[in-house]
Amino acid sequence: MGQVDSGIRIDASSQPVLGMFSDADPLRRGFNTFVCNRVYDICGSNTGIVLAQNNWWVSAPPNPADFCSIGTLDLSHSLTSEAETSAHSNAPPIAQLKVSRQGTDDILLSWVDDWEAVANCGVDVFRGVSPDPATFIPISGPGAVLGSSFVNFSAARQGEPNFYYSVYVH
């Protein structure tokens, strides 16, 4: 993967919807997280207004310097924190998550880290006692986990419930 300068690049004829606050369809309401881009979160030569409402931009309000053409973006209703997005996120977890026992109680989570965003931004590790990701809570502590593994110490002692894990780009 080469160097990426923007999270989303929009050409002159595109009119994407990156979030519409009042849309009845929950998949079009936003709740996207734009972080760890090398230059811009969104950049483009679009001439119409692009709806990019209800998203997290690393700051509240969004920093105009994070966009190359902020005059053509509707960034209203921006989220006030990254935590606000986690329960609503449609972002997929990292693929190829491997879970293995390390010692008697510890669980080792490992994943492929050849994706540039993982190496530069790190990941957040979530855990739950149900397979429903909406019930997961972060367990990786403050900040992102860097590298390709995380040990959940004393994760599953005998007689305790099973755990389900997800790893997301930070």
Please verify whether Asp11 is among the charged types (D, E, K, R), within 28 Å of Ala134 (Cα to Cα), exposed (fewer than 14 other Cβ atoms within 10 Å of the Cβ) and not assigned by TED's automatic domain parsing to the domain that holds Cys121, treating the condition exactly as stated. no
Could you list, in sequence order, all residues of region 5-45 that are without any contact (Cβ under 8 Å) to a residue 60 or more places away in the chain and of a type in the set (Ser, Thr, Tyr)? Ser13, Ser14, Ser22, Thr33, Tyr40, Ser45
Note: among Ala95, Ala155, just one is surrounded by 14 or more Cβ atoms within 10 Å (Cβ to Cβ), aliphatic (A, V, I, L, M) and modelled with pLDDT under 75, namely Ala155
Checklist (1) out of contact with any helix residue (DSSP H, G or I) (no Cβ under 6 Å at 6 or more places or on another chain); (2) modelled with pLDDT under 80 applied to Phe21, failing item: (2)
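The values are calculated or read from the model by the stated rules, or taken from the named source; none is laboratory data. No experiment lies behind these values; they were computed from the predicted model shown. Glycine also receives a Cβ, built like all others from the backbone with ideal geometry; neighbour counts cover every protein chain displayed.
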